[in-house]
Amino acid sequence: QVQLVESGGGLVQPGESLRLSCAASGSIVASYGMGWYRQAPGKQRELVAWISRVGNTNYTDSVKGRFTISRDNAKMAVYLQMNSLKPEDTAVYYCNKRLAPQWSWGQGTQVTVSS
């Protein structure tokens, strides 16, 4: 079973940046498209960015132009660079497979954007 560990979250002011990291155990991760998801209080978890096995990327409209997803298969890691953060980006962020069935979810990393 793949274990996912997210890190890099924190409390920032609007307009600032954060870089999230996802460490995945198991070399099998390189064989899958991966995504970053987020869940805000009282809302469903949503997919915000995803990257194919070969590095093609896509983003939900609300983060397009501000977030950048990348991966390092040698390090079994996935990253999310988040720029120009807004209060509505506040959520717990998770990484997982792009397509169902996902692996067991990690603990996530809290991102809070507030002045």
Does the range 86-97 contain at least one residue that is among the hydroxyl-bearing types (S, T, Y), out of contact with any strand residue (DSSP E or B) (no Cβ under 8 Å at 6 or more places or on another chain) and open to solvent by 20 Å² or more (accessible area, probe 1.4 Å)? no
Any chance R19 is of a type outside the set (S, T, N, Q) and within 14 Å of the chain's Cα centre (by Cα): yes
Taking the condition of being buried (at least 20 other Cβ atoms within 10 Å of the Cβ) and either basic (K, R) or touching a strand residue (DSSP E or B) at 6+ places or on another chain (Cβ under 7 Å) (or both), how many residues in the range 19-38 meet it? 8
Where residues in the range 63-73 are open to solvent by 60 Å² or more (accessible area, probe 1.4 Å) and not charged (D, E, K, R), which of them is farthest from S17 (Cα to Cα)? N73
Within the range 44-68, how many residues turn out to be closer than 24 Å to S104 by Cβ, charged (D, E, K, R) and free of Cβ contacts under 8 Å to residues at least 24 places away in the same chain? 2
Just wondering, is there one or more residues in the range 27-41 that are more than 24 Å from S115 (Cα to Cα), over 12 Å from the mean Cα position of the chain (by Cα) and assigned to a loop (DSSP other than H, G, I, E, B)? yes
I need every pair where a residue in the range 5-27 that is over 15 Å from A74 (Cβ atoms) has its Cβ under 8 Å from the Cβ of a residue that is of a type in the set (K, R), sequence separation at least 6 or different chains. G8/R19; P14/K86
Can you spot a residue in the range 59-70 that is at pLDDT 95 or above, among the aliphatic types (A, V, I, L, M) and either touching a strand residue (DSSP E or B) at 6+ places or on another chain (Cβ under 9 Å) or in a loop (DSSP other than H, G, I, E, B) (or both)? yes
For the range 74-85, indicate whether the set of residues that are at pLDDT 95 or above, under 22 Å from V5 (Cβ atoms), open to solvent by 20 Å² or more (accessible area, probe 1.4 Å) and in a strand (DSSP E or B) is non-empty. yes
For residues that are over 15 Å from the mean Cα position of the chain (by Cα), of a type outside the set (A, V, I, L, M, F, W, C) and not in a loop (DSSP other than H, G, I, E, B), tally how many sit in the range 86-115. 2
Given (1) within 15 Å of the chain's Cα centre (by Cα); (2) of a type in the set (A, V, I, L, M); (3) at pLDDT below 95, identify the lone condition not met by V48. (3)
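The values are calculated or read from the model by the stated rules, or taken from the named source; none is laboratory data. All of these numbers come straight from a predicted model, not from anything done at the bench. FYI the Cβ positions are ideal-geometry reconstructions off the backbone, even for glycines, and counts take in every protein chain you see. These area figures cover heavy atoms from the full protein model, side chains too; ligands, DNA and RNA do not enter into them. Shrake-Rupley method; radii C 1.70, N 1.55, O 1.52, S 1.80 Å.
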